[in-house]
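Heads up: the structure comes next, in structure tokens.
The values are calculated or read from the model by the stated rules, or taken from the named source; none is laboratory data. What you are looking at is a predicted structure, and each value in this text was computed from that prediction instead of being measured. Glycine gets a Cβ as well: all are built from the backbone with ideal geometry, and neighbour counts include every protein chain shown. Quick note on the areas: whole protein, heavy atoms, side chains included, nothing else; ligands and nucleic acids left out. Shrake-Rupley method; radii C 1.70, N 1.55, O 1.52, S 1.80 Å.
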Amino acid sequence: MLSAFVVVSLYISRVSASDTKVSQNALNPSESYLWSVWDNRLYLYSAAALVFGIWFSLKVALKKEKFSIAEKSSDRFERDTVDARVSRVKIFFGSQTGTAKGFAEELSEEVKTLGVPAEVIDIKDYDADDQLADECTNKSVCVFLVATYTDGQPTENAEWFCKWLEEASTDFRYGKTYLKGLRYAVFGLGNSVYTGHYNTVGTNVDKWLWMLSAVRIMTRGEGDCDVVKSRHGSVQADFLAWKVKFLIRLQALVKGEEKSCTGNCKTEASCKNHRKDGQEEEEETGASQNNSSEEDLVESSSDEEEESGLQHEKQSGSVVDMEDLGNLVSRAKKAKSQEEAGADGQMVKLSKVNGVRKIDDEDERREMITPALRVALTKQGYKLIGSHSGVKLCRWTKSMLRGRGGCYKHTFYGIESHRCMETTPSLACANKCVFCWRHHTNPVGTEWRWKMDPAEKILQDAVEKHQGMIRQFRGVPGVKPERYDEGLAVKHCALSLVGEPIMYPEINTFIRLLHSHRISSFLVTNAQFPQEIRSLVPVTQLYVSVDASTKDSLKKIDRPLFKDFWPRFLDSLKALGEKRQRTVYRLTLVKAWNVEEMLSYSELIALGQPDFIEVKGVTYCGESSASSLTMANVPWHQEVVAFVQQLVDMLPQYEIACEHEHSNCLLIAHSKFKVAGEWWTWIDYERFQDLVQVQGDSGDQRGFSALDYMAKTPAWALFGAHEQGFDPVDTRFQRRNKTKDISGC
């Protein structure tokens, strides 16, 4: 066709040229030039025809190639559909406290119910350099359940894997397609209280895998240990919601199905998935499979869906029946709609951070104690009260009921250990100390965001539950009848069980109630709430835990949640110095951690000027994945004595007063409690209650000080005495086979 067009053009040009040759001789130069162009119009036509022909040919060729690619793509899709089937699921966990490991084992059992082999792998035992690339071709799906530990770092067992993955993602020797074909899903465990690095490990693992061209089969999940901000009420419920979506997605992969379109395609192509009945398919919104930018991946989170009712349908430890998954999701979406609409039909605003609702109504607040936490604490022997309080029988209470001696507070201050109730109105804490004997099963937080029980109810239930535990010793061999009777009448309350009692908004009401029942109050705070310390009503004795003397060591030992933990710590010590009643620094010595900070300790003591300083060697509570402490970190009693003697030499107004060798503890007292050469560290409890009553009757006009209710210390309690702090009235009992006991204060 193109050739014919050129031939015709040439013929017409020649004929026209012969007709005009004669007339050119009679024209001026300008007209002659124009006629010359006209005579050579053949070449112009030929050039235009050639350009048009090339364009037309290219267009036809490209159209044929595009059609060919479409056919090949269709064939490849059919092959990929078959290849998409799953041979096995490998579940990797990075865990510090065992939560992620438990989730991995739980997910494994439920994957097996689909008929898919599943394997749980401790990520520290997996050689990613040699094995991870193999997962790209063996049709497996890799699931990563990873927790975020201190300062946003990986857990100890995931450190090497995360380091390798990060380096590989930026190492040209691996290449950007090193993990192409690897299908994976990530669920991160974290605590949103740590705002600076919430779930950073899960986010990073997801990002690094994507950078190596691995394919995310579904949205990254995020579990929040903060029950207030957790989207489903607890980290267990968050995992359950994600797990249901994962099982649905896995079931689709097993059948060789493509992920349904979400309707939010990032390409210009339009696509719609329909059900067999012609209705538009409504599936949960998943993560886009378009790996077009790192920003897309980083922004990906579990914000696409809320399945608020899932935790009410199944417990985290149960196996989900696959036939019920569709119903679960439907009910969850319905629950979500009802939740957003609110009980009264009004819309409730949601925060963009973790989807937390801005709630002012007390009835809408969540309970501090989640079902999983209730199980864990109950197993540890706690008697839980309401939604945020607890009581537990101290081992020294049991000991003194049998006449086997009391705790160090009996030696130092005259407490009758068998009449002491150990409780707390707040199980939550603002620190995650490495030596926590509760192994961090209690919740953490920086402010009160939970439901709140009245102080009257807490005290009533605490006394009743404490008396119930005492009654269990009725008739037990060795229990002294007179002490059993005395034990039923609570005389002392140690607000040091666990958590941070001063966080409880009605702590002053609770203390006043204790005093109205003539129960003494010993309150311990972790020095992170200075304003609450200043506003605290008089207590029998106020403690501040001073676990370290420098900013770096405090961060390492206490692992505080507050970013400004050090200014808060110093201000708390200043607030303690403003109190007129008895104040105490509690120093916990951790060998190889803080025993060398002598000068810094002396400076902190000068800052708060406490009445007493308790120096105690750390108690080893057995192996815990939440702490790296071992018996090597526990100082011997002689080492504690040596430390105290050196410390006292730097404190001109303080001396060593008492010793309780059994607890590995010594008491340093201010010299004002040494009257006429004799120590008066004990407490006149009846006198204290009278003084509190007088102050209350006077509208707080008549105050009193620590010297107004002191009592003489018996000789057996003094430092250097032969008894070493053991009451001679009792009989010391030595166990041949000592077993671990982490109860007691």
Please work out which residue is modelled with the highest pLDDT, limiting yourself to region 587-596 and to residues that are out of contact with any Leu (no Cβ under 8 Å at 6 or more places or on another chain) and open to solvent by 30 Å² or more (accessible area, probe 1.4 Å).
Lys591
When Phe172 is run through (1) buried (at least 22 other Cβ atoms within 10 Å of the Cβ); (2) assigned to a loop (DSSP other than H, G, I, E, B), the failure sits at (1)
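Suppose we keep only residues that are in a strand (DSSP E or B) and within 25 Å of the chain's Cα centre (by Cα) within region 508-532. Which one would you say is farthest from Arg687 (Cα to Cα)?
Keep residues of region 508-532 that are in a strand (DSSP E or B), which gives 520-525.
Add one more test, that the residue is within 25 Å of the chain's Cα centre (by Cα), and what stays is 524-525.
On the way: Val524: 22, Thr525: 25 Å.
The selected residue is Thr525.
Please count how many residues of region 139-158 are in a loop (DSSP other than H, G, I, E, B) and either on the phi > 0 side of the Ramachandran plot or open to solvent by 60 Å² or more (accessible area, probe 1.4 Å) (or both).
Step one: of region 139-158, the residues in a loop (DSSP other than H, G, I, E, B) are 139, 149, 153, 155.
Within this subset, residues satisfying the condition of being either on the phi > 0 side of the Ramachandran plot or open to solvent by 60 Å² or more (accessible area, probe 1.4 Å) (or both) are 139, 153.
Residues in region 139-158 being in a loop (DSSP other than H, G, I, E, B) and either on the phi > 0 side of the Ramachandran plot or open to solvent by 60 Å² or more (accessible area, probe 1.4 Å) (or both): 2 in total.
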Collect the residues in region 392-408 that are open to solvent by 10 Å² or more (accessible area, probe 1.4 Å) and either aromatic (Phe, Trp, Tyr) or closer than 10 Å to Arg732 by Cα (or both), keeping them in residue-number order.
Trp396, Ser399, Arg404
Tell me, please, whether a residue that is modelled with pLDDT under 85, within 20 Å of the chain's Cα centre (by Cα) and closer than 30 Å to Cys433 by Cα can be found in region 126-147.
no
Have a look at Glu655, Glu686, Glu639, Glu659 and point out the one that is surrounded by fewer than 18 Cβ atoms within 10 Å (Cβ to Cβ), on the phi < 0 side of the Ramachandran plot and part of a strand (DSSP E or B).
Glu655
Among the residues of region 100-112, are any at pLDDT below 85, part of a helix (DSSP H, G or I) and either charged (D, E, K, R) or under 30 Å from the mean Cα position of the chain (by Cα) (or both)?
no
Has region 556-576 got any residue that is buried (at least 24 other Cβ atoms within 10 Å of the Cβ) and in a loop (DSSP other than H, G, I, E, B)?
no
Just wondering, is there one or more residues in region 445-462 that are touching a strand residue (DSSP E or B) at 6+ places or on another chain (Cβ under 8 Å), open to solvent by less than 20 Å² (accessible area, probe 1.4 Å) and closer than 18 Å to Leu523 by Cα?
yes
